[in-house]
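Notes follow once the structure below has been shown.
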Amino acid sequence: MQVLTTQKEIVRQIEACIRQNKTIGLVPTMGALHQGHAALVRRAVAENDVCVVSVFVNPTQFNNPEDLLKYPRTLDKDVALLSELGVHFVFAPTAEEVYSAEEIKTAFSFDFNGLDQVMEGKMRPGHFNGVVQIVSKLFELVHPTRAYFGEKDFQQLAIIHHMVERSSLKDSFGYLQIMDCPIVREESGLALSSRNQRLSEEEKKTAVNISQTLFSSLEWAKTASVAQVQQRVIDTINAIDGLEVEYYEIVDKTTLQPTSTFDNAIGCITVYCGPVRLIDNIQY
Ligand code: PAF
């Protein structure tokens with residue numbers, strides 16, 4: 001496995017792979033890897049000739065500077081895990097290597113057809129512009145045959161699908177398949193997240209209530225309306241000491257707009273567990 005830190009190096013390696021007609025799997029990450037990432041990487045290794053994992057805490061997708069500062073960085077540990085998993089290239093550049101001073105200063109803007117106006121997009125203005133900015137750069141550099149993303153960030157996944165399917169980008173990214181990968185959970189049900197590293201043991205136990213409530217809501221949905229289930233999830237979680245719901249919205253999986261039926265519906269939640277912002281979702 002090679003760890004590459006410059007665009008020049010990664011482009012050189014990718015050009016060699018393309019010359020040999022190799023398929024390329026890309027797993028974009030911000031590091032602090034856990035078994036959820038490992039599941040994406042295992043798939044990428046199994047389904048492609050070459051697997052590239054990017055490890056880059058992307059500054060342009062953080063609207064809260066403190067969040068960026070506190071984001072866990074564990075590159076040595078990440079590299080050791082990726083080597084065990086059979087990855088060929090790790091791309092771990094600095095922000096200066098990826099962005100010009102101009103790009104860091106000027107907000108990147110992309111038309112999301114409204115997908116960014118709800119939930120995470122509403123709470124974190126500019127977040128998805130930053131995500132699309134880095135993901136499109138990575139696609140251009142790595143030219144992946146397949147790119148792997150977790151369903152925990154469901155809105156991100158919907159936006160990335162939109163990005164590659166948009167007609168003006170079809171020519172650039174039409175060759176590429178976006179691979180949706182299911183949420184990986186601890187035995188307790190807690191969705192794996194790099195942010196879990198910031199939870200104390202006590203907070204971790206409290207956080208389990210988030211997924212447990214979402215699972216219960218599948219039962220509630222058999223006899224209650226969308227609005228009733230939505231409110232019951234919020235009330236149940238807010239009643240637990242140490243948890244505070246930022247939003248829980250049951251939306252149509254395709255449009256991400258509020259829905260009044262459970263057909264094609266997903267419930268997306270963000271909860272503060274102490275100072276740590278956790279997200280999860282459940283498909284009805
Ligand atoms: O999901 C993430 O970890 C990030 O948003 C991504 C896709 C790696 C872009 O920085």
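Miscellaneous remarks
- Relative contact order (%) - the range 52-173, alpha-carbon pairs under 8 angstrom, separation at least six: 31 percent
- Note on Gln257 and Lys204: their simple-model spin labels are 4.2 nm apart, each label 7 Å out from Cα toward Cβ.
- At R0 = 25 Å, FRET efficiency that the Cβ-Cβ distance of Ser109 and Glu140 yields, to 0.05: 0.90
- Label-to-label distance, nm, for residues given as Ser100 and Asn238 (7 Å Cα→Cβ offset): 4.8 nm
- The residues of the range 1-152 expose on average 47 square angstrom of accessible surface per residue, using a 1.4 Å probe on protein heavy atoms.
- Rounded if a/c under 1.5, otherwise prolate or oblate - the range 135-273, Cα gyration tensor axes: oblate
- Net charge contributed by nearby residues that have their C-beta within less than 14 Å of Val208 (K/R +1, D/E -1): -4
- Amide N of the range 39-64 lying under 19 Å from the label point, which is placed 7 angstrom from the Cα of Arg166 along Cα→Cβ: 60-62
- In Å², nearest 10: area of Ser100 left accessible to a 1.4 Å probe: 50 Å²
- Lys205 contributes an accessible area of around 130 Å² to the protein surface, as traced by a 1.4 Å probe with all chains present.
- Charged side chains reduced to their Cβ positions (Lys and Arg at +1, Asp and Glu at -1) give the range 1-145 a dipole of some 220 debye around its Cα centre.
- Met30 accessible area, 1.4 Å probe, all protein chains in place, Å² to nearest 10: 40 Å²
- Long pairs among Lys152/Lys205; Lys137/Lys253; Lys22/Lys152, criterion Cα-Cα beyond 21 Å: Lys137/Lys253; Lys22/Lys152
- Shape category assigned to the range 10-59 from the gyration tensor of Cα positions, a/c cut at 1.5: oblate
The values are calculated or read from the model by the stated rules, or taken from the named source; none is laboratory data. In this text, all values refer to a predicted model and were calculated from it rather than measured experimentally. Quick reminder, even Gly has a Cβ in these numbers, built from the backbone with ideal geometry, and neighbours come from all protein chains shown. Accessible surface is based on the protein model in full, side chains and every heavy atom, while ligands, DNA and RNA are left aside. Shrake-Rupley method; radii C 1.70, N 1.55, O 1.52, S 1.80 Å.
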